[in-house]
Amino acid sequence: MRNLYLVQASNTYVGRGFRAAYLPYAVGLLAAYAFEDENVRSEYCFKRFIFTREKTDEAVRSLEAPAVVGFSNYIWNTQYNLVLAEKIKKAFPDCIIIFGGHNVPPDNSFLEKYPFIDFLIHGEGEEAFKALLLELCNDEKDFSKISNVSYRVSETECNKTPTEVLCRLDYPSPYLNGWFDSIFENNPDMQLDAILETSRGCPRSCAYCDWGCNNSKIRFFPIERILAEIDWMSEHKVKFIWGADSNFGAADRDMEIVDYLIDKREKTGCPERLRINYAMNNPQRVFEISSKLEKYGLSKEGATLSFQSLDPTTLENIGRKNMSLDKFSELLALYREAGITTYSEIITGLPGETYDSFCKGIGQLLEAGQHRLITTYNCELLPNSPMAQPEYMKKHGIRTATIEALTAHSEADDEVKEKTVYVTGTNTLSTEDWIACNIFACMEESLHHHGIMMAIAVYLHYEKGIPYDEIYNMVIRYAKKNEDSVLRPAYDFLYNYYKAISEEKPIELYSNQIFGNITWVPKKAAHLATIYRLDEFYWEIKPSLRYLGVEDDIIEELIEFQKVILKLPYRNNYSSEFEYDWVTYFTDAIAGKRKPPQKRRLRISVNNEVHRTNWKDYALEAVWFGSNGITFNPNATIEYI
């Protein structure tokens, strides 16, 4: 019998009293399908999954005469896999090493670069992996008849077999077939999260994405299997489920799946949270799904209304179409009326974008009413995406930087650092402008969506006619000009952080013992560094507000109102009185109804059920697990006097 091991190493995440990791779903599928075959069962003995980032030397010592080790690769584990695979090959020279997954390039380059890898699987892996296992048992081996693989013909020559587009999707479930039972038995104190895959494929071919490259047609797993997997997850007390579909909500049956998840949540308490990637082409069904998930507390972050860019040239370059801003505003109003949180996404560094168009795009989303959250992501060059292909990169002048990837809130892994490839410039975006885009995005999110300046910015936009992008550009210019300003440390941190990325120098996430022994991504770092000196910040911006024509009494009330609605430590059982009805004003303004503030005295009193008495708790609860903003505290009492 040949011993088989499978590796899908996940980060281990830590929080308040828990450690969590994902079950190795991708390699679980490989095992479940391969071992349905009688010949595989007669030739191979499956030993175990390596599903967390074990120390590589310890992992190698735990292996028992491995004949085959298969690795699933993505951006969060490829470097770990390379280190572990090389050590396995050194300790067990006859062991066959197979690499597959999204981070395996579409050519033979991994074989050429890494001599310890024997086979590559391109695209979906179930069929090719089983075929390789069977062919390895033959005396006369012929790997050329297996589609979607690369292998060595000699020490200097590699072969890649033809690509076959797969159609079937009736593979057995690793959950239902017991492949993960031993993981639960051996890790009783770990929170084990799960992947739920109900379909594969994507009808779009966005240039930055590798989701829709292999097969544009959406295929569906049998509904009976999906419901049975939900039963299994509920029975095994899986708290968090990540939806692996690219377009959930596109199919009629997706509502049935949601109803079943809710039923299980109500009966068993699990799952507690879902994270779903929603379809763009059926906003009404997505709204209905979001409404149900929000009602029953299953929505992790709310509904995503993504844009990636609002620049027409950029959208054409990446092969993407957006809904109109008018439609976006209508959807926001629909979600807002139903009490459902939404957020939008923008990508930094897309070809065709400029600094001005990037800032303007974020400003347009704010103007359309997206005040809850606009989160930005740096464009990463994924090896199987259209953007990563040489002709595309040459056409758009794409420049990249390869750096060590840092993961906030996870357990430190000092042994192996992962790498990520950022797009740091294009024909239309200089590297300095790329840095500036990131600074703008971080400042806007930390000041606006986390609430430090949201009310003030909304007032300036509606009453003084200043575009949102110009408001936050003014703030950044002030920080750059004034070395002693409250925002200057945040600006310097952001500039140095993204400058180091562009130069491929070592970077570090923000850490400050005041906020606990936790690392923070740049946008949250900027927020924490500023809110810690909140009163100084407000004192500094008063002259600028006067310069923009805001009257002194309005300035004082705006700042006090902004402070009242912020969630801050050391404050409880307090109240503030106002001469203007800011509650009605901002409620209407956020909904896109422009009415000048009306004089009407009101009192806002707050008595928090959970009283944060230190900055560490604040950082965890309000910044990591929650968000500030113009969201009235449920423990606040609003009185008109």
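The values are calculated or read from the model by the stated rules, or taken from the named source; none is laboratory data. Remember, it's a predicted structure, so these values are computed and weren't measured experimentally. Glycine gets a Cβ as well: all are built from the backbone with ideal geometry, and neighbour counts include every protein chain shown. For the accessible areas, the whole protein counts, side chains as well, though only heavy atoms, and no ligand, DNA or RNA atoms are used. Shrake-Rupley method; radii C 1.70, N 1.55, O 1.52, S 1.80 Å.
Quick notes on this one:
- Residue in region 26-47 that is surrounded by fewer than 18 Cβ atoms within 10 Å (Cβ to Cβ), charged (D, E, K, R) and assigned to a loop (DSSP other than H, G, I, E, B) present: yes
- Some residue of region 126-138 being open to solvent by less than 10 Å² (accessible area, probe 1.4 Å), assigned to a loop (DSSP other than H, G, I, E, B) and not charged (D, E, K, R): no
- In region 54-86, the residues that are in contact (Cβ under 8 Å) with a residue 40 or more places away in the chain, open to solvent by 20 Å² or more (accessible area, probe 1.4 Å), closer than 15 Å to Tyr5 by Cβ and of a type outside the set (Gly, Ala, Ser): Glu54, Glu64
- Glu155, sole failed condition from (1) at pLDDT 95 or above; (2) open to solvent by 80 Å² or more (accessible area, probe 1.4 Å): (1)
- Single residue of Leu196, Leu192, Leu227 found to be modelled with pLDDT of 90 or more and more than 24 Å from the chain's Cα centre (by Cα): Leu227
- Enumeration of residues in region 481-498 that are part of a helix (DSSP H, G or I) and surrounded by 15 or more Cβ atoms within 10 Å (Cβ to Cβ): Arg488, Pro489, Ala490, Tyr491, Phe493, Leu494, Tyr495, Tyr497, Tyr498
- Lys145 vs. criteria under 23 Å from Asn3 (Cα atoms) and surrounded by fewer than 23 Cβ atoms within 10 Å (Cβ to Cβ): no
- Qualifying residue in region 361-368 (condition: over 27 Å from Ile75 (Cα atoms), in contact with a Leu (Cβ under 6 Å, 6 or more places away or on another chain) and of a type outside the set (A, V, I, L, M, F, W, C)): yes
- If you go through region 301-320 and keep only what is out of contact with any Cys (no Cβ under 9 Å at 6 or more places or on another chain) and either under 22 Å from Asn427 (Cβ atoms) or modelled with pLDDT of 90 or more (or both), you end up with Phe307, Ser309, Leu310, Asp311, Pro312, Thr313, Thr314, Leu315, Glu316, Asn317.
- Taken over region 183-213, residues that are over 22 Å from Val258 (Cα atoms) and hydroxyl-bearing (Ser, Thr, Tyr) amount to 2.
- Residue check, Val104 crowded, with 17+ Cβ neighbours inside 10 Å and either among the hydroxyl-bearing types (Ser, Thr, Tyr) or over 32 Å from the mean Cα position of the chain (by Cα) (or both): no
- Checked against the criterion of being part of a loop (DSSP other than H, G, I, E, B) and in contact (Cβ under 8 Å) with a residue 24 or more places away in the chain, the candidates Ile501, Ile507, Ile476 yield just one match: Ile507.
- Strands (runs of 3 or more DSSP E) wholly inside region 156-248 that include at least 2 residues being under 18 Å from Leu29 (Cα atoms): 191-196, 240-243
- Which numbered condition Phe92 fails, given (1) open to solvent by less than 40 Å² (accessible area, probe 1.4 Å); (2) over 23 Å from Glu418 (Cβ atoms); (3) touching a strand residue (DSSP E or B) at 6+ places or on another chain (Cβ under 7 Å): (1)
Residue-wise test of (1) open to solvent by less than 30 Å² (accessible area, probe 1.4 Å); (2) within 28 Å of Gln308 (Cβ to Cβ); (3) in contact (Cβ under 8 Å) with a residue 60 or more places away in the chain.
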{"site": "Ile230", "(1), (2), (3)": "yes, no, no"}
{"site": "Gly243", "(1), (2), (3)": "yes, yes, no"}
{"site": "Ser246", "(1), (2), (3)": "yes, yes, no"}
{"site": "Asp254", "(1), (2), (3)": "yes, yes, no"}
{"site": "Ile276", "(1), (2), (3)": "yes, yes, no"}
{"site": "Gln284", "(1), (2), (3)": "no, yes, no"}
{"site": "Ile289", "(1), (2), (3)": "yes, yes, no"}
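- Residue match in region 278-286 (condition: part of a helix (DSSP H, G or I) and either among the β-branched types (Val, Ile, Thr) or in contact with a strand residue (DSSP E or B) (Cβ under 8 Å, 6 or more places away or on another chain) (or both)): yes
- Any hit, region 399-407, residues being within 23 Å of the chain's Cα centre (by Cα), of a type in the set (Val, Ile, Thr) and over 28 Å from Ala619 (Cα atoms): yes
- Odd one out for Lys505 among (1) at pLDDT 95 or above; (2) under 27 Å from the mean Cα position of the chain (by Cα): (1)
- Considered as a group, the residues in region 2-25 that are at negative phi and part of a loop (DSSP other than H, G, I, E, B) include one that is most open to solvent (accessible area, probe 1.4 Å), and that residue is Arg16.
- Some residue of region 323-335 being out of contact with any Lys or Arg (no Cβ under 6 Å at 6 or more places or on another chain), at pLDDT 95 or above, assigned to a helix (DSSP H, G or I) and open to solvent by 30 Å² or more (accessible area, probe 1.4 Å): no
- Considering only residues in region 55-76 that are aromatic (Phe, Trp, Tyr) and in contact with a Gly (Cβ under 8 Å, 6 or more places away or on another chain), the one that is modelled with the highest pLDDT turns out to be Phe71.
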